[in-house]
Amino acid sequence: MTQAVAIIRDGHAYQARQFWQKALRLLDPASGIVKVGFEGGPKGFDDVWVEYEPGKGRNDHYGEPLRREHLQCKWHVASGDFGYEDLIDPDFINASSVSLLKRALEAQRLHAPEGIGSRFRLVTNWQLRRGDPLRTMVNQRHGFMRLERLFDGTGDASAAGKVRKIWRDHLEIDDAQLRRLARTLGLGTDTQSLLDLRDNLDLHLEVRGMRRVPDNEDTCWYDDLTYQWLAAGRIEFDRDSFRDACRQHNLFEAAPKTHIVFGVKSFEHSVDSLDDRCASVLNLVPYFDDRPIRNQADWATSLYPELRTFLLAAAASNEHLRLILDTHATLAFAAGSVLNIKSGRHVELEQRVLNRVIWRAGDTSRDPAWPQWDFSLDPLGAETPDVAVAVCLTHDVAPAVKRYLAAALPGAGSLLVATPQGGANSRAVASGQHAFDLAESLAQRINAERAPGARVHLFIAAPNAFTFFLGQRQPSIGAITMYEFDFEGQNGGTYTPSVALPITRPTPAA
């Protein structure tokens, strides 16, 4: 009985923390969110919902304006996975007779009859099952269905055809109706723990000047407050009513933080949108087809100029900046090159490690135990001063880089491999100060190996905050070409050059 009660409370906490992350946007006058509610709306997708102001809200993954989003939160105490057949099984959502997919169809017919205007998303800490056809049909960046993968022109005997057929038969609908449903359906996986969600909530509370839950307290009163409101029938809030409710519980204790959070995204996180947390967002997602860029020339002709304009405008009015970079490594490096160490701006970066943390130079005291670099230098045979650099903080990319250099870049004269002591891993960088120091020592080593006028070819597997700090040193390093890896295998599963810095601007005609 005790274990069962604990599981139920954890499920409630999961839902409550999802609610608070949305509701706190009501305190941001620049936000497009005008209403937030919970335990209301279409059955099966009634845990949390958000309504946007017309003309100010977010667009869906096809660029159509959104008015509402509905979330169904499904917390599991143990790790697990799910596939396309689970969506037609009532047991998957602990129901007796109606499946999640039927609930989604009912919601879509009621709130998005043409497949636009509203979205319905399952948010769960389970993963899509490896090998299940659905895994390739859900965009891993925004968590919604990829219609071109579900409706790929194949027959019912194909992998996609089996999904279509079993869903059509279960719902008793045709392909046209299934397409409208699938267009609105999201299957977002959130691997954050309850502690991670609490840490993320703390960042929101800090920005809004609200009472924060001390780290040494086991309970989070924001979880309980949500269900006090539910018991009182207070399940829907606009800007005024939410602020009043927070005042009644003495949740405001300081002025909101004066720093403004700026975001840049070249991909979408399925359950953590920058639009919910930033005052201003540079959206570069339309330039990409998931991870690969649609047009290689856009790195230099569109992305870098837009990034530079956005960051310089932010820096012009803010001496202290907080950046969230949900971007390819190239853009994180380029951002650092724009706000370089001579820019006179203090920059904080939100970094996802296992949860969200804020990194900046000086955020911690230096620790002699921090891993430093192990460097190796391999001559490649070509008589050229160009140097290739493989940065292996989170993954050992040296073998893939060597294969690429042999096949596509025979002109590089040497390969410098930088690996942290103890080997590459997700926790190789301890803090912002550690990342800053690693960037500085790597830049010094690159300059020691690079002959004057030589180009550096840079391949990075590292946290974006480190990559930003390294980018801040681009002016001192000189000419650099960045490379992106084809993680999804759409372009041969190898590297592709992205942008060459500094950007050479055309000379104006006389």
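The values are calculated or read from the model by the stated rules, or taken from the named source; none is laboratory data. Predicted, not measured: the structure shown is a model, and the values here were computed from it. Cβ coordinates were reconstructed from backbone atoms using ideal geometry, including for glycine residues, and neighbour counts include every protein chain displayed.
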Practice prompt. Looking for whichever is aliphatic (A, V, I, L, M) and surrounded by fewer than 18 Cβ atoms within 10 Å (Cβ to Cβ) here; the options are 332, 313. Which one fits?
Written response: 313
Practice prompt. Could you check how many residues of region 304-337 are touching a residue at least 60 places away in the same chain (Cβ under 8 Å) and over 23 Å from residue 290 (Cα atoms)?
Written response: 5
Worksheet item: How many residues, within region 412-432, are out of contact with any helix residue (DSSP H, G or I) (no Cβ under 8 Å at 6 or more places or on another chain), farther than 13 Å from residue 372 by Cβ and touching a residue at least 60 places away in the same chain (Cβ under 8 Å)?
Response: 3
Worksheet entry | Yes/no for residue 138 being among the β-branched types (Val, Ile, Thr), at pLDDT below 95, closer than 30 Å to residue 55 by Cβ and in the same structural domain as residue 72 (by TED's automatic domain parsing) | yes
Discussion item. For region 274-294, give me each residue that is assigned to a loop (DSSP other than H, G, I, E, B) and either without any contact (Cβ under 8 Å) to a residue 40 or more places away in the chain or buried (at least 19 other Cβ atoms within 10 Å of the Cβ) (or both).
Written reply: 277, 278, 284, 294
Worksheet item: In region 28-45, which residue that is crowded, with 17+ Cβ neighbours inside 10 Å and modelled with pLDDT under 90 is nearest to residue 101 (Cα to Cα)?
Response: 44
Response to the item:
With criteria (1) closer than 20 Å to residue 38 by Cα; (2) surrounded by 16 or more Cβ atoms within 10 Å (Cβ to Cβ); (3) not charged (D, E, K, R), residue 76 comes up short on (2)
Item to complete: Would you check if there is a residue in region 414-435 being over 26 Å from residue 357 (Cβ atoms) and loosely packed, with under 14 Cβ neighbours inside 10 Å?
Response: no
Worksheet item: Looking at (1) closer than 23 Å to residue 500 by Cβ; (2) touching a residue at least 24 places away in the same chain (Cβ under 8 Å); (3) part of a helix (DSSP H, G or I), which is the only condition residue 301 fails?
Response: (2)
Worksheet item: Is it the case that residue 67 is touching a Gly at 6+ places or on another chain (Cβ under 6 Å) and either small (Gly, Ala, Ser) or modelled with pLDDT of 90 or more (or both)?
Response: yes
Worksheet item: Hey, which of the strands (runs of 3 or more DSSP E) in region 426-510, taking only ones fully inside, have at least 1 residues that are of a type in the set (Gly, Ala, Ser) and modelled with pLDDT of 95 or more?
Response: 456-461, 495-501
Discussion item. Of the residues 143, 233, 155, only one is assigned by TED's automatic domain parsing to the domain that holds residue 70 and under 30 Å from residue 9 (Cβ atoms); which?
Written reply: 143
Worksheet item: residue 52: within 30 Å of residue 239 (Cα to Cα), surrounded by fewer than 16 Cβ atoms within 10 Å (Cβ to Cβ) and modelled with pLDDT under 95, yes or no?
Response: no
Practice prompt. Output the residues belonging to region 367-378 that are surrounded by fewer than 17 Cβ atoms within 10 Å (Cβ to Cβ) and farther than 16 Å from residue 446 by Cβ.
Written response: 367, 368, 369
